[in-house]
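Participant: This is the structure I have questions about; it appears just below.
Every number here is computed from the coordinates shown, using simple stated rules; none is lab data. All figures in this text were calculated on a predicted structure; none of them were measured in a lab. No Cβ is skipped: glycine too gets one built from the backbone with ideal geometry, and neighbour counts run over all protein chains shown.
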Amino acid sequence: MLSIQEADGYFDDGGDTIDGSGQTVVDDISLGGALTAVLFEHDGERNFIAELEGPNDELLVNEIGSITGATAVPTEAGEYIIDVDADGDWSLTIAQPFAPDEEIRTPPVEASGEGHDVVGPVEIDETVTIAGSHDGERNFIVQGYDEDASGRLAGELVFNEV
């Protein structure tokens with residue numbers, strides 16, 4: 001199973017990477033109507049908060065301390081900003097991935113990992129059963145999305161368990 005954090009060249013045009021330190025507002029981000037993936041990294045001790053603001057608003061990450069991860073959110077086409085609040089150096093890579101045909105899997109598939117990540121793609125043509133396990137102490141949240149962030153899997157909540 002492909003993890004966006006591990007992928008090389010998975011994003012269309014490689015995505016846009018923005019580096020910064022401390023509190024910053026990143027503007028002039030133009031996104032299409034699709035699933036938007038954001039890889040993030042923070043080297044600090046306090047909260048790292050990144051919020052996408054524009055035609056639709058989404059909290060991308062809100063974690064304490066140093067962290068590396070990825071998240072995906074559906075976006076409408078339009079102009080966006082990202083409001084970053086951090087106490088250290090940070091990096092964001094923003095892209096709208098479309099899976100190359102050779103990376104698309106069909107059930108049964110397995111994925112595993114640690115922390116925030118985006119995994120896939122999985123082509124689902126019919127009803128499937130999804131099972132999962134988690135051995136952490138905080139929420140285990142899994143959501144399903146279509147590549148274009150629409151259709152029957154437009155943010156379908158699969159798991160949200162402690």
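Participant: Using Cα pairs under 8 angstrom and six or more residues apart, how large is the relative contact order of the chain, in percent?
Facilitator: 28 percent
Participant: Given charges of +1 on the Cβ of Lys and Arg and -1 on the Cβ of Asp and Glu, with all other atoms neutral, how large is the dipole of the chain about its Cα centre, in debye to the nearest 20?
Facilitator: Its charge dipole is roughly 400 debye.
Participant: Same structure again: 5 Å is the cut-off here: which amide hydrogens, built 1.01 Å from N in the peptide plane, fall below it relative to D117, excluding neighbours closer than 5 in sequence?
Facilitator: A70
Participant: Let me ask something else about it. On a full-extension model of 0.36 nm per residue, what is the gain between E53 and S21, subtracting their alpha-carbon distance, rounded to one decimal in nm?
Facilitator: So the extension gain works out to 9.6 nm.
Participant: List residues of the range 36-60, by number, whose backbone nitrogen lies under 11 Å from a label position 7 Å along Cα→C-beta of I81.
Facilitator: Inside the label zone: 53-54.
Participant: Please work out how much length the chain gains when fully extended from I141 to E110, using 0.36 nm per residue of separation minus the C-alpha to C-alpha distance, in nm with one decimal.
Facilitator: Gain on extension, I141 to E110, equals 9.6 nm.
Participant: Over the chain, what number does the Rg to Rh ratio reach, with both radii from the alpha-carbon atoms and Rh per Kirkwood?
Facilitator: Using only Cα positions, Rg/Rh for the chain is 0.95.
Participant: Karplus couplings for the range 75-87 from phi (6.51 cos²θ - 1.76 cosθ + 1.60, θ = phi - 60°), rounded to Hz, Gly and Pro as x?
Facilitator: Whole-Hz 3J(HN,Hα) from phi for the range 75-87: 10, 7, 5, x, 9, 10, 10, 10, 8, 10, 10, 8, 10.
Participant: Same structure, new question: Going toward the positive end of the dipole of the chain, with +1 on Lys and Arg Cβ and -1 on Asp and Glu Cβ, which of T129, T93, H42 do you reach last?
Facilitator: Of the candidates, T129 comes out farthest on the positive side.
Participant: Now, a different point. Apply the Karplus parameterisation 6.51 cos²θ - 1.76 cosθ + 1.60, with θ equal to phi minus 60°, to every residue of the range 23-34 and state each ³J(HN,Hα) to the nearest whole Hz, in sequence, with x for glycine and proline.
Facilitator: 3J(HN,Hα) across the range 23-34, in whole Hz: 7, 8, 10, 9, 10, 6, 9, 9, 10, x, x, 5.
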